[in-house]
Each structure stands twice: as structure tokens, then as C-alpha cells.
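The structure under discussion appears below in the form of C-alpha cells.
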Amino acid sequence: MDMDCNCGCNDSNKEELLREIQECTFYVTELALYLDINPNDQRALCLHNQHANHLRKLTDKYQSMYGPLSIECPCNQWRWLEEPWGSFNLGVI
């Protein structure tokens, strides 16, 4: 009997989404550091805004599917009591 589902809830999708969040977080952070030194670089500012928006969408998607990434998440109150935080297990902050 085939037990695979197509709902996007399997562990490989969860890990892939976490990896994408980690990559996007890194990119946003690096752009912010660059902008600290080059505050008038409009292209970097535009890229930072685009990736920050994308990161927000990714984290919203993850949190709606798997639970909070941090204590600041307003969704799914107290859900981390059900299982360890994915961010804690995989180093996402």
C-alpha cells in the first residue's frame, strides 16, 4: 500500500523549506551588513527588500504548516510543546 501523500507535509519538504529559509536569512543579513557600509546603494536596498519579503513569505508558509520558528511567532500558540522547534533542531534562527 502506497502511504505517500501529496499535501506537502512530508519531512523532505519540511527540510527543504527550512534550508530555503536559512539561505534567504543569510542573504538578507549579508545585504543588511553591506547596506550598513553603503547606505546609498539603491540596487542593494531593492534586493534587500525583495529578499526580506520573500523570507517573510517563506517563514509564514513554514509556520502555518509546521509550527513556530521562534517564540515571537503569533501563530499556533504553544504548539512547540507538541514537538521540538524545527529551528532549534536545525540551527535556523
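Quick notes on this one:
- In region 1-52, the residues that are over 23 Å from LEU69 (Cα atoms), among the hydrophobic types (A, V, I, L, M, F, W, C) and either assigned to a loop (DSSP other than H, G, I, E, B) or modelled with pLDDT under 95 (or both): MET1, MET3, CYS5
- Residue in region 75-82 that is modelled with pLDDT of 70 or more and assigned to a helix (DSSP H, G or I) present: no
- Flag for LEU58 being hydrophobic (A, V, I, L, M, F, W, C), at pLDDT 95 or above and touching a Cys at 6+ places or on another chain (Cβ under 7 Å): yes
- When restricted to residues that are surrounded by fewer than 13 Cβ atoms within 10 Å (Cβ to Cβ) and either among the aliphatic types (A, V, I, L, M) or in contact with a Phe, Trp or Tyr (Cβ under 9 Å, 6 or more places away or on another chain) (or both), region 33-69 contains 2.
The values are calculated or read from the model by the stated rules, or taken from the named source; none is laboratory data. If you're wondering where the values come from, they're calculated on a predicted model, not measured in any experiment. Cβ coordinates were reconstructed from backbone atoms using ideal geometry, including for glycine residues, and neighbour counts include every protein chain displayed.
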